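> My questions all concern the structure below.
The values are calculated or read from the model by the stated rules, or taken from the named source; none is laboratory data. It should be emphasised that the depicted structure is a prediction, and the values quoted were computed from it without experimental measurement. Note that we place each Cβ from the backbone using ideal geometry, even for glycine, and neighbour counts take in every protein chain shown.
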Amino acid sequence: MSKTLDLVIDLLKRQSNTPEDAGCQEAMIARLEPLGFKIERMRFGDVDNFYARLGTEPPLIVFAGHTDVVPTGPLDKWHTPPFEPTIVDGMLYARGAADMKTSLAAFVTSIEEFIAETPDFKGSIGLLVTSDEEGIAINGTVKVVEALKNRGEFIDYCVVGEPTSNKVVGDMIKNGRRGSLSGKLTVKGVQGHIAYPHLVKNPIHLVAPAIKDMVETVWDNGNEYFPPTSWQISNMNGGTGATNVVPGEVEILFNFRFCPELNGEGSTETNLKQRVHAILEHHVLDYDLVWEYSPPYITPRSNLVDAIEEAIQTAYGVMPELSTTGGTSDGRFIADICKQVIEFGPLNKTIHKLNECVGVADIEPLKETYKLTMQKLLK
Ligand SMILES: [Zn+2]
């Protein structure tokens, strides 16, 4: 059996339901310490994180990932128990197999091999591992990055092991993610009996034309790396449950997935907020609006993209596409101290689902990809 497969099976047996780490990080540390890595355990709140570094010289390449997994869902719907990794027909089944313990194991074994083969490599290697990516993500990567930033430690290249492959392993690298801007909008009216319309102000009727305007707005046209910004309502709640009462207010939760470079003045965040307020004010609404923001990031074509592209072609025989699709990832936090962040890992087809799995034959090439990337950047 391969060393990577051995290690991934060990990690998959540990029930690291977010934000639990369940000993995964210590299992990784036990392999890194003998290689000479300086280990810093950084526990924030109830979240285990660690940062490990070998070497003091630039360039610094950091592999980043998370040990926590999402809930299994109904156990009786799994063909095999989610924390008893099982190989059936060439597929390794377990919660976390694709998202993202295979990548974590491949980080460790690729580093072991790279160091054995190239003991006098140039630069430094790091690992940034959290157990708070799938949850609220406030005591994980963001805090470790803050600590590194405060002491002036910057990263040259970062590879996040998220499962980015789409149809076949190697077909997609994420070189950025859209930003996310959520709003909780409360529009106020006047509650009253439905039979006396002159005594009420129906907030649902009042907000309806504003919603139409937002749906029809073209926020931008995207750019070279990003699809156009989209605006969607996720929830709309109003009404007392009674059929004869006009509600006093309606609450609408909406979200932008946005491209970082909108035309116009100021940041994209400010620009989008101003345009939403302008629409609401145009319709003379009485409202409250609370925002929540998560930044985008982008890594333009660069030597990291080139290195991993070449590595993927050698290891998998596939030419990857650059993409910024999908949800947010910890890449957004790391981008604060690292100009080149990319994400590459297994197929995302079964992540967060029942019977999550990876192809056993895809595991060694993943280790190979990470190793070849180091060979190209640290010579
Ligand atoms: Zn993940």
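> Give the residues of the stretch 312-352 that are within 12 Å of the ligand (Cβ to nearest atom), over 11 Å from the mean Cα position of the chain (by Cα) and not polar (S, T, N, Q), sorted by residue number.
Within the stretch 312-352, Gly345, Pro346, Ile351, His352 meet the criteria.
> Would you point out which residue out of Glu40, Glu20 is within 16 Å of the ligand (Cβ to nearest atom) and charged (D, E, K, R)?
Within the list Glu40, Glu20, the selection yields Glu20.
> I'm checking my understanding of the structure. Among residues of the stretch 149-164 that are away from the ligand (no atom under 13 Å from the Cβ) and buried (at least 23 other Cβ atoms within 10 Å of the Cβ), which one is farthest from Asp48 (Cα to Cα)?
This residue is Tyr157.
> Considering each of Ile173, Ile125 in turn, give the residue that is more than 24 Å from Tyr293 (Cα to Cα), hydrophobic (A, V, I, L, M, F, W, C) and touching a Pro at 6+ places or on another chain (Cβ under 7 Å).
Ile173
> Any chance the stretch 151-165 includes a residue that's out of contact with any Leu (no Cβ under 6 Å at 6 or more places or on another chain), on the phi < 0 side of the Ramachandran plot and aromatic (Phe, Trp, Tyr)?
Taking every residue of the stretch 151-165 in turn, at least one turns out to be out of contact with any Leu (no Cβ under 6 Å at 6 or more places or on another chain), on the phi < 0 side of the Ramachandran plot and aromatic (Phe, Trp, Tyr).
> Filter the stretch 108-137 for residues that are part of a loop (DSSP other than H, G, I, E, B) and within 16 Å of the ligand (Cβ to nearest atom); which is farthest from Thr328 (Cα to Cα)?
Out of the qualifying residues, it is Ser131.
> Go through the stretch 218-240 residue by residue and tally those that are assigned to a loop (DSSP other than H, G, I, E, B) and farther than 30 Å from Val190 by Cβ.
Number satisfying all stated conditions: 12.
> What about Gly170, is it of a type outside the set (A, V, I, L, M), part of a loop (DSSP other than H, G, I, E, B) and surrounded by fewer than 16 Cβ atoms within 10 Å (Cβ to Cβ)?
no
> Any residue in the stretch 331-353 that is in the same structural domain as Tyr157 (by TED's automatic domain parsing) and aliphatic (A, V, I, L, M) sitting within a Cβ distance under 6 Å of a residue that is part of a helix (DSSP H, G or I) and within 12 Å of the ligand (Cβ to nearest atom)? List the pairs, counting only those 6 or more apart or interchain.
Sorted first by the residue in the stretch 331-353, then by its partner, the pairs are Val341/Gly331; Ile351/Ala98; Ile351/Asp99.
> Restricted to the stretch 53-65, and to residues that are among the hydrophobic types (A, V, I, L, M, F, W, C) and over 21 Å from the mean Cα position of the chain (by Cα), which residue is surrounded by the fewest Cβ atoms within 10 Å (Cβ to Cβ)?
Filtering first and then ranking leaves Leu54.
> Just need a number here: residues in the stretch 138-167 that are over 30 Å from Gly317 (Cβ atoms), in a loop (DSSP other than H, G, I, E, B) and of a type in the set (Lys, Arg).
1
> So, one more: So Glu356 passes all but one of these: (1) crowded, with 20+ Cβ neighbours inside 10 Å; (2) modelled with pLDDT under 95. Which condition number does it fail?
Evaluating Glu356 over (1) crowded, with 20+ Cβ neighbours inside 10 Å; (2) modelled with pLDDT under 95 leaves (2) as the failure.
> Can I ask one more? So how many residues does the stretch 62-107 have that are within 16 Å of the ligand (Cβ to nearest atom) and over 24 Å from Thr141 (Cα atoms)?
Qualifying residue count for the region: 2.
> Determine whether the stretch 85-107 contains at least one residue that is part of a loop (DSSP other than H, G, I, E, B), surrounded by 23 or more Cβ atoms within 10 Å (Cβ to Cβ) and not basic (Lys, Arg).
Yes, some residue in the stretch 85-107 is part of a loop (DSSP other than H, G, I, E, B), surrounded by 23 or more Cβ atoms within 10 Å (Cβ to Cβ) and not basic (Lys, Arg).
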